Structures are given as C-alpha cells and as structure tokens.
C-alpha cells in the first residue's frame, strides 16, 4: 500500500552563522585599527644632517636631562628646570610672536626614550609644526 520514505539526515554545514560572526569581527577590526596606531610625527631629513644656517634665527632649544627635567633656552633662567606645562606655555607664547623660529630637542644620552617623546608631545601640543633633534658630531 502506502510506502513511507525514510528521510536521510542532512549532512550539510550551515555557514550563515559563521559569516555573521566574520562580518562582526571585520567591523570591530575596522573601527579599532585607527585607534591603535599612535605616534609623533617627525620630519626626518632626506640627506645628511647639516648644521643650522648662521643667518637664520637662533632656535629654541628644549632640553631633557638624565633625570627627566625639562629646560628651555628662553626666559629669565634657562638653566632652571621647569615643568611641562610651563614649557609648553613659554614655547607657544614665543611662537605667537615669532612663528618661523626653529625648535630643536636636546636629549641627554642617558635619558629614557619615553622622556624625549613626552617632550616632543608637549611641543606638539604647544603648536610647534616641526621639531629638530640636536646631536653632537661624531668627532667630538
């Protein structure tokens, strides 16, 4: 009479949930990727380093010593350490009066790399468009 057909089990994998998870992960990575990359923009020279022109304005020299103290070559007492906020305020005020003054960072050889980067961030927040790095010549 009536024959019953047996159903076979379906052995296919449903990939729709996997595609949904992949798309969610893709969106998460697309949103977080720009937030991960950080850095301080430094204009590196394209050729060998030459000394500053003697005809140009004297540069502002922002220094950090081995103890992490900041100094600036402008003001009443350039040999006295100052905090980061005062340094940024002095540099910003000087650049408002003379905007084309070059700014140079002078770091002690024993200072941690992080301290030099923090000084460069302070200068960037003060409105300095580009920063030079002061070095000694190999002969000295």
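Taking region 6-60, which residues are under 30 Å from residue 92 (Cβ atoms), modelled with pLDDT of 65 or more and surrounded by 10 or more Cβ atoms within 10 Å (Cβ to Cβ)?
Of everything in region 6-60, those that are under 30 Å from residue 92 (Cβ atoms), modelled with pLDDT of 65 or more and surrounded by 10 or more Cβ atoms within 10 Å (Cβ to Cβ) turn out to be 52, 56, 57, 58, 59, 60.
Pairs please, first residue from region 117-137 and on the phi > 0 side of the Ramachandran plot and in a helix (DSSP H, G or I), second anywhere and at pLDDT 85 or above and surrounded by 13 or more Cβ atoms within 10 Å (Cβ to Cβ), Cβ atoms under 7 Å, 6+ apart in sequence or on different chains.
none
Check region 76-88 and report whether any residue there is at pLDDT 70 or above, outside any loop (DSSP other than H, G, I, E, B) and out of contact with any strand residue (DSSP E or B) (no Cβ under 9 Å at 6 or more places or on another chain).
The initial filter retains those residues of region 76-88 that are at pLDDT 70 or above, namely 78-88.
When the remaining residues are screened for being outside any loop (DSSP other than H, G, I, E, B), the result is 82, 84-88.
Filter again for out of contact with any strand residue (DSSP E or B) (no Cβ under 9 Å at 6 or more places or on another chain), leaving 85, 88.
Yes, the conditions are met somewhere in region 76-88.
The values are calculated or read from the model by the stated rules, or taken from the named source; none is laboratory data. No experiment lies behind these values; they were computed from the predicted model shown. All Cβ positions, even for glycine, are placed from backbone atoms using ideal geometry, and neighbour counts span all protein chains on display.
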